[in-house]
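Heads up, the thing below is written out as structure tokens.
The values are calculated or read from the model by the stated rules, or taken from the named source; none is laboratory data. Since the structure is predicted, the reported quantities are computational estimates derived from the model, not experimental observations. Neighbour counts are summed over all protein chains in view; Cβ atoms, including those assigned to glycine, are modelled from backbone coordinates with ideal geometry.
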Ligand code: BGC
């Protein structure tokens, strides 16, 4: 084995999911309500992961994963304000126990965009006491799962949820107002800070962070294009992290987009089924850029919709080569979680985009491992890039 291709010892290898996208049977949250009003596609039983998690984790194990990121559905845990459902809390205890039984390290996201209806109807994160209310739920989960979970993500992609739901008006609550958008961003900063403190209070050893959705703004070489890219980069990629400085034990990096500014994407550039450009160097640049925080970095999401599994194998090796290059140059990257373990509900797009290492037949709920999943599996098992491919 060529040591130059190895990842650091103890590297976490796995995939990510989110409760609403895979579990099924969640009807007391804002997205389910929006679906009842016909404004987003219905989610129904999704992958029925709620009942099949043990089977799914056995697949993750077979795929060489030693870690798994999933989220907790707040609407299940706190169906009414201030009332916690012990049965549902116990469900997630079993989820964690099932991961541990497979030797898989859990990483728990507390809020991946769906919220209980009572919270939405009382103003959601825009209500005055939202940070307190959110932190109370997070604290309850930290107590319940405490010793068995080290890694916590308070909020998934504050940039994406706020811009799609409060600026572009595409997602519940379908608001298009820049001022509300900025208020919501600030509310999420307060919510994260309160949740961080609550979790650390319960378990001082917990590692708590967010998953930030960073975009590679890539300017043409002119003063104005570089300046535009810098402004976007500061606002989109760094504002949340800098405004909440001191409340991150690590950075979770979700990455999907290369965004050229003032230059065209070559027409032959490979793209996912959703038209998103495949551009591995972006991940190298974003990881390298995050070194400024001097915190451990976990790639908490990266992946593509690719129903025929044409691009996914190369995507995995090329993006990981990019991560590896950043590590060789000194970035403290400690894990990679592919999005996603299985096909799932892609928000306002519904079920057509296929992001899974594992394909789901939604009629029968049969799981089938895609060939690319074996590529990631062998990298994970070897803890090294494949020998035949040149790193970037
Ligand atoms: C989100 C996921 C989503 C994925 C693909 C990320 O922004 O965290 O929930 O499915 O991107 O769009």
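For residue 232, state whether it is more than 16 Å from the ligand (Cβ to nearest atom), in contact (Cβ under 8 Å) with a residue 24 or more places away in the chain and out of contact with any helix residue (DSSP H, G or I) (no Cβ under 8 Å at 6 or more places or on another chain). So residue 232 fits the description; yes. Screening the range 280-392 for strands (runs of 3 or more DSSP E) wholly inside it with 3 or more residues that are surrounded by 15 or more Cβ atoms within 10 Å (Cβ to Cβ) returns the ranges 297-302, 333-339, 358-361.
With respect to the stated conditions, residue 126 fails to be buried (at least 18 other Cβ atoms within 10 Å of the Cβ) and either at pLDDT 95 or above or out of contact with any strand residue (DSSP E or B) (no Cβ under 6 Å at 6 or more places or on another chain) (or both). Taken as a whole, the condition of being free of Cβ contacts under 8 Å to residues at least 60 places away in the same chain, outside any helix (DSSP H, G or I) and surrounded by 15 or more Cβ atoms within 10 Å (Cβ to Cβ) does not apply to residue 96. Looking only at the range 45-63, decide whether some residue is within 16 Å of the ligand (Cβ to nearest atom), in a loop (DSSP other than H, G, I, E, B), in contact with a strand residue (DSSP E or B) (Cβ under 9 Å, 6 or more places away or on another chain) and modelled with pLDDT of 95 or more. Yes, that holds for at least one residue. Number of residues in the range 103-118 that are touching a strand residue (DSSP E or B) at 6+ places or on another chain (Cβ under 9 Å) and either within 20 Å of residue 64 (Cβ to Cβ) or in a helix (DSSP H, G or I) (or both) equals 6. If you go through the range 21-44 and keep only what is surrounded by 15 or more Cβ atoms within 10 Å (Cβ to Cβ) and part of a helix (DSSP H, G or I), you end up with 21, 22, 30, 31, 32, 33, 34, 35. Inclusion of residue 152 among residues that are assigned to a strand (DSSP E or B), touching a strand residue (DSSP E or B) at 6+ places or on another chain (Cβ under 8 Å) and touching a residue at least 24 places away in the same chain (Cβ under 8 Å) is warranted.
Checking each residue in the range 1-20 for being at pLDDT 95 or above and assigned to a loop (DSSP other than H, G, I, E, B) picks out 7, 8, 9, 10, 11, 17, 18.
Residues of the range 273-316 that are within 15 Å of the ligand (Cβ to nearest atom) and without any contact (Cβ under 8 Å) to a residue 12 or more places away in the chain: 275 alone. With the structure loaded, tell me whether residue 214 is at pLDDT 95 or above, surrounded by 23 or more Cβ atoms within 10 Å (Cβ to Cβ) and within 30 Å of residue 266 (Cβ to Cβ) or whether it fails that test. Considered against the rule, which asks whether it is at pLDDT 95 or above, surrounded by 23 or more Cβ atoms within 10 Å (Cβ to Cβ) and within 30 Å of residue 266 (Cβ to Cβ), residue 214 comes out as yes.
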